[in-house]
Amino acid sequence: MLRNSPLRFVFPIGLYIAFCLDGSVSQIFSKQLFGVQSFVPCITLLWLIFGLMFENEVNLHLGIWAFVTGFVMDTFYFGTLGVFVFILPLAIYICRLSYRYLSATFISGFLIYFIGVTISMSFSFLANRFVHLANITATNFLVSVLGPSLAFNLVLFIITYYPVSLLFDHYREKE
């Protein structure tokens with residue numbers, strides 16, 4: 001039950017930090033991340049997936065948080081309502097459906113995050129391609145954007161999994 005849980009404060013604060021880190025890492029390391037190969041960080045999606053993995057019996061309302069975060073991402077980064085208001089909730093929904101059939105382990109979380117990043121980046125590419133904002137081919141997208149971004153984000157998942165699981169366990173014990 002979220003009403004009695006300290007996670008009701010920890011999760012939104014972590015989501016805000018992840019949102020800020022997403023933009024900051026992209027801006028500060030833009031020369032290293034966005035060259036011939038693009039390494040797109042999905043830190044906000046990472047935090048939402050961690051929420052999905054570690055929420056247990058606490059309902060964090062991840063769909064609502066994903067919608068709000070997508071709305072803020074679109075208006076802050078693009079200045080208009082865009083695709084992330086739909087992509088983030090869709091990715092969380094599909095990942096939640098997939099996660100129900102898997103045991104709660106590191107490997108299943110790794111797979112779920114892999115699926116989430118793939119869905120998020122692929123639908124974003126397709127939407128941008130549809131409105132002629134992306135002018136690369138699907139093959140170039142897979143090789144130059146999706147592949148390196150998946151590698152980068154999965155390394156982030158591996159590095160942050162254990163500390164975030166300790167954080168969620170710590171605040172779950174205080175209920």
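The values are calculated or read from the model by the stated rules, or taken from the named source; none is laboratory data. Note that this is a predicted model, so its numbers are computed, not measured. Glycine gets a Cβ as well: all are built from the backbone with ideal geometry, and neighbour counts include every protein chain shown.
Of the residues making up the stretch 100-117, those that are closer than 23 Å to Ile64 by Cβ and surrounded by fewer than 20 Cβ atoms within 10 Å (Cβ to Cβ) are Arg100, Ala104, Ile115. Residue pairs whose Cβ atoms lie under 9 Å apart, sitting 6 or more positions apart in sequence or on different chains, and linking a residue in the stretch 126-143 that is among the β-branched types (Val, Ile, Thr) to a partner that is in a helix (DSSP H, G or I), are Ile136/Phe125; Ile136/Arg129; Ile136/Ser144; Ile136/Val145.
For the stretch 3-46, a residue qualifies if it is surrounded by fewer than 20 Cβ atoms within 10 Å (Cβ to Cβ), of a type in the set (A, V, I, L, M, F, W, C) and more than 24 Å from Leu146 (Cβ to Cβ), and the qualifying residues are Phe9, Val10, Ile13, Ile17, Cys20.
For Val58, the stated conditions do not hold, so it cannot be described as part of a helix (DSSP H, G or I), out of contact with any His (no Cβ under 6 Å at 6 or more places or on another chain) and either at pLDDT below 85 or closer than 17 Å to Ala18 by Cα (or both). Exactly one residue among Val40, Val25, Val68, Val10 is of a type outside the set (D, E, K, R), modelled with pLDDT of 80 or more and more than 22 Å from Phe157 (Cα to Cα), and that residue is Val68. Evaluate the following for Ile64: is it under 17 Å from Phe11 (Cβ atoms), free of Cβ contacts under 8 Å to residues at least 40 places away in the same chain and either surrounded by fewer than 17 Cβ atoms within 10 Å (Cβ to Cβ) or in contact with an Asp or Glu (Cβ under 8 Å, 6 or more places away or on another chain) (or both)? Taking the combined requirement at face value, the residue satisfies it. For the stretch 123-153, the set of residues classified as surrounded by fewer than 16 Cβ atoms within 10 Å (Cβ to Cβ) and part of a helix (DSSP H, G or I) consists of Leu126, Arg129, Phe130, Ala138, Thr139, Asn140, Leu142, Val143, Gly147, Ala151, listed by residue number. For the stretch 1-22, taking the residues that are among the small types (Gly, Ala, Ser) and touching a helix residue (DSSP H, G or I) at 6+ places or on another chain (Cβ under 7 Å), the one that is farthest from Gly116 (Cα to Cα) is identified as Gly14.
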